[in-house]
Ligand code: AMP
């Protein structure tokens, strides 16, 4: 029943996929449509860089090259968010990216009395990723907006390599835990958003 007093379960999901798969775009859609809370380690790191913190300065070159920053830094950022907020219903966007981060997230959720409800893989062919990332840079440039330092062909090559070496193993890890769902992420933004909204709604039911 859909009564007003029926408690709605909050859900926590991870969006997993290579650079350019649309994790950030779709996380924003879920924030709008489901009132979920986006936790993007990429955004947190870019903010640290923009505000010139010591950590931000330390990670800037690593990010621009397209390499991963250390597990310690990103786990620290997520731990701070999870332990300092009463918000519920998280979309993890760009975290975890290594098996160590995945283990740490599991422990943090357990410690804060929460569950991981699904890991949603956004499946996209490599050729499309390159077009999307290069297109994103061109659009930003045309609009006079800042272009991400890592949105260029050279960094993208490294980012893809980092993804396949370090992040893609998480697909097997979460599959083995029975948490993995895959979505074809090559359609329109709205089509994919509708599928993700359906998945999160069914998890909350
Ligand atoms: P994103 O905005 O998710 O594409 O992240 C941009 C860059 O930030 C990545 O290429 C990495 O250098 C760094 N980064 C973001 N999230 C992580 C993470 N979970 N682990 C390691 N590095 C990360």
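Summing -39500 (n - 2.57) over the DSSP H runs of n ≥ 4 in the chain and dividing by its residue number, what mean residue ellipticity at 222 nm do you reach, to the nearest 500 deg cm²/dmol?
Per the formula, -17000 deg cm²/dmol.
How long is the range 15-82 along each principal axis, judged by its Cα atoms, biggest number first, in Å?
Result, largest extent first: 36, 25, 21 Å.
Which value does Rg/Rh take for the chain over its C-alpha atoms, Rh per Kirkwood?
0.96
Tell me, what is the percent relative contact order of the chain, built from C-alpha pairs under 8 Å that lie six or more residues apart?
Averaging sequence separation for qualifying contacts and normalising by length gives 35 percent for the chain.
For 54, 123, 162, what ranking results if the residue with the fewest other Cβ atoms within 10 Å of its Cβ goes first?
If I rank by nearby Cβ atoms, fewest first, I get 54, 123, 162.
Using only Cα atoms and rounding to the nearest 10 degrees, what angle (0 to 90) does helix 153-162 make with the longest principal axis of the chain?
The answer is roughly 40 degrees.
Based on other C-beta atoms within 10 Å, arrange 167, 25, 70 from fewest to most.
In order of increasing Cβ crowding within 10 Å: 70, 25, 167.
Pairwise over distinct Cα atoms, reciprocal of the mean inverse distance: report the Kirkwood radius of the range 57-110 in Å, one decimal place.
That comes to 12.1 Å for the range 57-110.
If one takes the longest principal axis of the Cα atoms in the chain, at what angle in degrees, from 0 to 90 and to the nearest 10, does the Cα axis of helix 54-65 lie?
70 degrees
Throughout, read-outs are computed from the coordinates displayed, never taken from laboratory work. Given the structure is predicted, the values throughout are model-derived calculations rather than measurements. Cβ atoms come from the backbone with ideal geometry, glycine included; neighbour counts cover every protein chain shown.
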